[in-house]
Amino acid sequence: MMASRGEPTTELPVSAVILAGGKSRRFGRDKSLLELAGQSLIERAVGRLAPVSDEILVVANEPDRYEALHLPVRFVADRVRGMGSLMGIYSGLSAARHRFALVVACDMPFLSESLLRYMIPLADGSDVVIPRLGQMLEPLHAIYGKTCLPHMAKLLDRHESKITAFFEDVRVRYVEEHEIARFDPEHLSFLNVNQPEDWRRVQEIYARSETA
């Protein structure tokens, strides 16, 4: 079901969860440590989230690979390994100090602080806040409340990995395309690195932004 589409009216404290537990099979190496302008993608994500959250958690099963970065985060392991992004969200949300957690993937180099700030207060009265572009949802750029945990647990118990499969059982606030356009008209917030060609596109976009 869908909550109201009104403007944000309150500020809510949220935790931030970065999913960094993927094996990067399609890309071929650890995406989180790819460097853009001398900064790894995970450092870049932490930097974008720090202004909007006072608690950042990184879901990673091998946190030692980030030791040299001295990230100001708390590391959380998947409760059960090998169960995909839904388990990552569940593990991070379970460990979060706040009632809501803003969840993003580690390989999203163009997160928009203004869009994130817009989304956060929309969680008031909702269980999920998620961008929607046409019929496409962005579950790895979304806010989840702890009220979602039992619904996620049921899916995981059934070994179901589709993140949005429980949405019909909770209150969902969809952030529509016209709202997103106010902050991110090119939808770069949702660009992630799955294939080498995605990484080339990221570098080209960054280069253009530096010369604009």
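The values are calculated or read from the model by the stated rules, or taken from the named source; none is laboratory data. The shown structure was predicted, so the numbers you read here are calculated from the model rather than taken from an experiment. Glycine also receives a Cβ, built like all others from the backbone with ideal geometry; neighbour counts cover every protein chain displayed.
Observations
- A search for C-beta distances below 6 Å between a residue of the stretch 185-212 that is more than 22 Å from Ser85 (Cβ to Cβ) and any residue that is modelled with pLDDT of 90 or more and not in a helix (DSSP H, G or I), counting only pairs 6+ apart in sequence or on different chains, returns Tyr206/Leu36.
- Test: residue in the stretch 94-102 that is of a type in the set (Gly, Ala, Ser) and out of contact with any Ser or Thr (no Cβ under 7 Å at 6 or more places or on another chain): yes
- Scanning the stretch 58-76 for residues that are closer than 20 Å to Ala101 by Cβ and surrounded by 14 or more Cβ atoms within 10 Å (Cβ to Cβ) yields Val58, Val59, Ala60, Asn61, Pro63, Tyr66, Leu71, Val73, Arg74, Phe75, Val76.
- Scope the stretch 95-108; condition touching a strand residue (DSSP E or B) at 6+ places or on another chain (Cβ under 8 Å) and either in a strand (DSSP E or B) or not aliphatic (A, V, I, L, M) (or both); matching residues: Arg97, His98, Arg99, Phe100, Ala101, Leu102, Val103, Val104, Ala105, Cys106
- Scanning the stretch 82-99 for residues that are under 15 Å from Ala165 (Cα atoms) and hydroxyl-bearing (Ser, Thr, Tyr) gives Ser85, Tyr90.
- Residue list for the stretch 33-47, restricted to those being touching a helix residue (DSSP H, G or I) at 6+ places or on another chain (Cβ under 7 Å) and over 20 Å from Asp64 (Cβ atoms): Leu36, Ala37
- Residues satisfying the stated conditions in the stretch 42-56, i.e. outside any loop (DSSP other than H, G, I, E, B) and either at pLDDT below 95 or more than 12 Å from Cys106 (Cβ to Cβ) (or both): Gly47
- Matching residues in the stretch 160-193 - criterion: being surrounded by fewer than 16 Cβ atoms within 10 Å (Cβ to Cβ), of a type in the set (S, T, N, Q) and within 14 Å of Glu138 (Cβ to Cβ): Thr164
- If only residues of the stretch 109-123 that are out of contact with any strand residue (DSSP E or B) (no Cβ under 6 Å at 6 or more places or on another chain) and either modelled with pLDDT under 95 or not in a loop (DSSP other than H, G, I, E, B) (or both) are counted, the one that is farthest from Val193 (Cα to Cα) is Pro121.
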